[in-house]
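Accompanying notes for the structure given below.
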Amino acid sequence: MPEFDVVIRHGTVATASDVFVSDVGIRGGVVVALGRGLGAGAREIDATGKLVLPGGVDSHTHIEEPRAGPTLNADSFATGSASAAVGGTTTVIGFARQAHGGSIKQSVAEHLARAARSRIDYSFHMILTDPRPEILTEELPRLVAEGHRSFKIFLTYEGARITDTQALDVMAAARKLGALVCIHAEHHELIAFHTRALLAAGLTLPKHHAWAKPMVVERECVHRVCAMAEALDVPIQVFHVSGGESAEEVERAQKRGLKVWGETCTQYLVFTADDLDRPDFEGAKYLCSPAPRSKADQAALWEMIRRGVIQNVTSDHSPTRFDGPDGKTVFGRDAPFSVLPNGVPGLAVRMPILFSEGVVKGRINLPTFVSLTATHAAKLFGLHPRKGTIAVGSDADIAIWDPERRVTITQKLVQDGNDHTPYEGIEVTGWPETVLVRGVAVVDASVVIGAEGHGEFLPRGPYEMIKPRGVFPGVFNPVDQVAL
Ligand SMILES: [Zn+2]
């Protein structure tokens with residue numbers, strides 16, 4: 001009778017703090033032993049010359065989310081989770097989105113049903129588009145208690161955005177309930193003004209999307225949400241920081257001691273506004289918000305990663321097909337940028353691109369890579385130490401990487417439900433070969449073998465990292481006084 005279900009032998013294990021050669025012994029889906037010369041496993045995996053890394057935690061993914069309008073999210077949880085796994089990610093945090101006038105409780109129930117097909121583990125942020133009093137005081141307390149411990153708010157996008165007044169109410173509710181607020185921060189009216197002017201001038205191409213939202217619209221709003229978070233003493237994460245100026249606002253807030261965290265996404269490290277200018281409407285494939293920026297912004301983001309200001313890199317996976325009745329071309333190839341669906345896919349490529357551009361090119365070391373792609377997100381969203389590390393007692397969510405394998409990214413390889421990847425043709429060094437979720441192989445020899453429904457919902461209880469500081473700018477605590 002073997003001592004372990006699985007033993008991974010002779011690999012180089014990396015966590016967010018250490019790199020060491022060790023066997024990994026797994027029993028009952030959990031890591032139960034680390035060390036040399038472990039006893040026999042029912043399954044033995046030889047990882048000589050390979051890296052044994054924690055499975056990725058992608059804390060910003062749009063999978064099988066319903067949308068208004070003719071375009072569709074191209075993924076089901078079956079395809080989205082396959083794509084995540086093939087790129088080394090074993091946990092995704094997606095979004096249950098409240099319909100305007102609707103119930104968030106109902107959205108969560110519907111999304112749980114959709115996510116039941118996932119091959120990897122999952123949790124949700126709750127998108128609040130209509131934070132009415134009964135939502136804040138009746139639905140949210142119950143949902144947070146059930147483990148949905150983060151809220152997402154949009155300050156732009158018609159139909160999704162909320163006002164600053166509503167955002168303050170959501171922040172106050174989060175503080176009372178012990179939840180984290182994640183924010184899409186762009187100055188809505190400024191984008192609308194730019195858009196009106198561009199359309200009036202006949203400047204309607206995909207590349208003009210970036211003109212409609214220059215960095216100032218993001219920088220101003222990041223500054224504003226940091227001020228709101230400071231005034232209410234509420235921890236926040238700023239989503240998709242796209243370049244130097246908004247990262248500087250995050251850094252300023254951190255230097256004042258605030259619990260403000262910044263996330264960036266793969267696309268902001270790879271694409272620039274020039275990609276929106278690709279011919280034959282191909283630029284639409286790169287259209288996302290905030291808009292891709294400049295080479296200088298990419299360099300600034302890497303610098304902010306090195307300085308620890310940006311601690312999380314996600315995919316913001318948001319797949320829309322290019323062709324067909326639900327794709328980016330549905331309104332025709334001369335449609336103005338202002339009606340095009342936003343978002344790029346990227347679940348599978350997030351970790352390989354970060355590894356290749358970061359570790360292989362010497363911008364970051366291996367523990368920083370692990371932290372950026374797994375450990376920090378697990379900590380920030382209350383999943384650590386169950387997820388995001390390799391330690392005795394942690395879930396055996398492990399990706400075994402060939403650090404030298406050269407791979408050219410293609411749509412076929414990423415295995416999502418889309419018909420294209422904007423990363424097509426990009427060559428990377430390093431690719432995951434075997435991926436385990438709770439000790440069960442979901443990817444073997446880079447082929448997805450994980451069953452639909454293997455994934456489990458991850459409820460998130462209260463945790464220290466997002467406790468308010470107990471410090472207000474003045475002597476008065478405004479949050480405890482307001483009845484929501
Ligand atoms: Zn997003």
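We did not get these values from a lab; they are worked out from the coordinates using the rules stated. Predicted model, so just to flag it, every value in this text is computed and none were measured. Here the Cβ positions follow ideal geometry from the backbone for every residue, glycine too, while neighbour counts run over all protein chains shown.
Give the residues of segment 203-217 whose amide nitrogen is closer than 16 Å to a point set 7 Å from the Cα of D334 in the direction of its Cβ. In segment 203-217, the label zone of D334 (backbone N under 16 Å from the point 7 Å along Cα→Cβ) covers 203-206.
If the only charges are +1 at each Lys and Arg Cβ and -1 at each Asp and Glu Cβ, what is the size of the charge dipole of segment 219-339 around the Cα centre, to the nearest 20 debye? Don't skip to the end; give the middle numbers.
On the way: 15 positive and 19 negative charges, 69 e Å.
The calculation lands at about 320 debye.
Taking max minus min of the alpha-carbon positions on each principal axis, the chain gives extents of 70, 56, 40 Å, largest first. Rounded to the nearest 20, the size of the Cβ-charge dipole of the chain about its Cα centre is 700 debye, with Lys and Arg at +1 and Asp and Glu at -1. Note on A391 and D280: their simple-model spin labels are 5.1 nm apart, each label 7 Å out from Cα toward Cβ. To the nearest ten degrees, helix 295-306 and the longest principal axis of the Cα atoms of the chain are 60 degrees apart. Given the C-alpha centroids of segment 199-277 and segment 404-458, what is the distance between them in whole angstrom? So the separation of the two Cα centres works out to 29 Å. Packing order of peptides 58-66, 298-306, highest average first: 58-66, 298-306 (average count of other Cβ atoms within 10 Å over each peptide's residues). Between segment 1-50 and segment 323-376, what's the alpha-carbon centroid distance in Å? Centre-to-centre (Cα) distance: 31 Å. Among S318, F381, Q298, pick out the residue whose Cα is farthest towards the positive end of the charge dipole of the chain, where Lys and Arg carry +1 and Asp and Glu carry -1 on C-beta, about the Cα centre. Projecting each Cα onto the dipole axis, the largest value belongs to F381.
When each of the peptides 248-258, 116-126 is scored by how many other beta carbons lie within 10 Å of its residues on average, the order from highest to lowest is 116-126, 248-258. The distance linking segment 75-104 with segment 377-395 is 19 Å (Cα centroid to Cα centroid, whole angstrom).
Hey, could you get me the Stokes-Einstein D for segment 334-418, Kirkwood radius over alpha-carbon pairs, 25 °C and 0.890 mPa s, rounded to whole µm² s⁻¹? All intermediate terms of the calculation are to be shown ahead of the outcome.
On the way: Rh = 15.4 Å.
Using the Kirkwood radius from Cα pairs, D works out to 160 µm²/s.
Here the calculated FRET efficiency for D419 and F193, from their Cβ-Cβ distance with R0 = 35 Å, stands at 0.55, rounded to the nearest 0.05. Highest mean first, the peptides 179-186, 162-169 sorted by other C-beta atoms within 10 Å per residue fall in the order 179-186, 162-169.
Contact order normalised by length for segment 383-484, with contacts defined as Cα pairs under 8 Å and 6 or more residues apart; what percent is it?
So the answer I get is 21 percent.
Before anything else, pin down the relative contact order of the chain: Cα pairs under 8 Å, at least 6 apart, normalised by residue count, whole percent.
Numbers: 1153 pairs, mean separation 109.3, N = 484.
Relative contact order of the chain: 23 percent.
The residues neighbouring E110, those whose beta-carbon lies less than 15 Å from its own, together hold a net charge of +1 under the Lys/Arg +1, Asp/Glu -1 convention.
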